[in-house]
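The values are calculated or read from the model by the stated rules, or taken from the named source; none is laboratory data. In this text, all values refer to a predicted model and were calculated from it rather than measured experimentally. Methodologically, a virtual Cβ is constructed for each residue, glycine included, from the backbone with ideal geometry; neighbour enumeration extends over all protein chains shown.
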Amino acid sequence: MKRLDVCGIGNGLVDVLLRITDQEFAALGFERATTRMAEAGEQSQLLEKFKNYDALIASGGSVANSVIAVAQLGGKAAYMGCLGDDKYGTHFESELQSLGVELANHLIANQQTGTVVALITPDGERTMRFDLGVASHLSLPYINEEVIRQSKWLFIEGYLFANSEKAHEALRHAVAIAKSADTKIAVTFSEAWIVSGFGEILREIVGHADLVFANESEACAFTGKSNAKEAFAALSATIPNVAITVGAEGSLISFAGKQHRIEAFPCTPVDLTGAGDMFAGAFLYGVTNGFSAAEAGKAGCFLSKQVITRVGPRLSSGTKDYWNECLGK
């Protein structure tokens, strides 16, 4: 009997979320709704520029948000990634502990934890600049084999494919351990630019995956198709299980040989950060805790609605209550 539902592996980052005006955003000269690695010194300058703003600070990274959702829903989750022993790493460690997520690695001495600055404009879009810090050091020594063996699912973050060859070696090893231990493997594509820029290693790992998560643009980039329906069909033909989120149109799911179209829950977005992360975490929780894929997908869409109608990458409370409200439990 495995003691963990999901072990996530990703770039451990601390999110700094800032709501700014269109005028303030324009002055930065950034392309709206993009995610980019910060130029040398840019991140510290950005943090300094907005240091007096009322920022929301939270431990994060895509898969970290997902495994936190698993824990909030009552599942057993662990997280694997490289964090420094600075104030941000300490914050990350203590926050995960308070949320009931097991941290599979010790903090790394004298290293800087990665950060993400998310600039949220009035239209609800977020423009992100990130500095990986020590997260980029992921390599074989940081793969906790025992935690993978004790997990029902290993959930791999797509952003890791943009890291070094040492990270790729670590992912190959993690996948090998998972397969040897009958731990299922899930992969999220993370961004369309991951698919286009790092497709070789992504496709290699996806070749071992039991489940992939993608949004419409990522799925189209991976398959070369022009819309979500065609991309879903192509993915479903080659990957055992697939979940594609299609924004306001909901999601398309192929799981255990059955296909489902899940309707979205209408809302007015405030901050789109974390919607896909919540969907993935909720879905993984559901399918490891006795719920059908259709139920897990429906609850995932409902919880994503709750996330995007407030500022922040996840819910601070009430996650299981929303789950029960959606499914009438």
_Unmet requirement for Phe30, which otherwise passes all of (1) part of a loop (DSSP other than H, G, I, E, B); (2) buried (at least 19 other Cβ atoms within 10 Å of the Cβ); (3) aromatic (Phe, Trp, Tyr)_ = (2)
_Matching residues, the range 122-155, being modelled with pLDDT under 95 and surrounded by fewer than 18 Cβ atoms within 10 Å (Cβ to Cβ)_ = Pro122, Asp123, Gly124, Glu125
*Residues satisfying the stated conditions in the range 163-175, i.e. touching a helix residue (DSSP H, G or I) at 6+ places or on another chain (Cβ under 6 Å) and assigned to a loop (DSSP other than H, G, I, E, B)*: Asn163
*Which one of Thr273, Thr268, Thr238, Thr245 is farther than 24 Å from Ala33 by Cβ and of a type outside the set (Lys, Arg)?*
Thr238
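Can you tell me which residue among Glu24, Glu48 is surrounded by 13 or more Cβ atoms within 10 Å (Cβ to Cβ) and without any contact (Cβ under 8 Å) to a residue 12 or more places away in the chain? Reasoning before the result, please.
Details: Glu48 fails: surrounded by 13 or more Cβ atoms within 10 Å (Cβ to Cβ).
Exactly one of Glu24, Glu48 is surrounded by 13 or more Cβ atoms within 10 Å (Cβ to Cβ) and without any contact (Cβ under 8 Å) to a residue 12 or more places away in the chain, namely Glu24.
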*Which listed residue, of Phe291, Phe283, Phe279, Phe302, is out of contact with any Asp or Glu (no Cβ under 7 Å at 6 or more places or on another chain) and outside any helix (DSSP H, G or I)*: Phe291
*Please find, among Val206, Val195, Val246, the residue that is aliphatic (A, V, I, L, M) and over 27 Å from Ser292 (Cα atoms).*
Val195
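Determine whether Gly61 is small (Gly, Ala, Ser), surrounded by fewer than 24 Cβ atoms within 10 Å (Cβ to Cβ) and at positive phi. Even if it seems obvious, please write down each step before you answer.
Working: small (Gly, Ala, Ser): yes; surrounded by fewer than 24 Cβ atoms within 10 Å (Cβ to Cβ): no; at positive phi: yes.
No, not satisfied.
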*In the range 48-89, how many residues are in a helix (DSSP H, G or I), among the β-branched types (Val, Ile, Thr) and at pLDDT below 95?*
0
*Kindly indicate whether any position in the range 240-247 is of a type outside the set (Lys, Arg) and at positive phi.*
yes
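Hey, can you tell me all the residues within the range 176-185 that are in a helix (DSSP H, G or I) and either farther than 12 Å from Glu145 by Cβ or touching a residue at least 40 places away in the same chain (Cβ under 8 Å) (or both)?
First, the residues of the range 176-185 that are in a helix (DSSP H, G or I): 176-180.
Correct list: Lys179 only.
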*Give the residue that is surrounded by the fewest Cβ atoms within 10 Å (Cβ to Cβ), with candidates limited to residues of the range 1-21 that are of a type in the set (D, E, K, R) and within 22 Å of Lys51 (Cα to Cα).*
Arg19
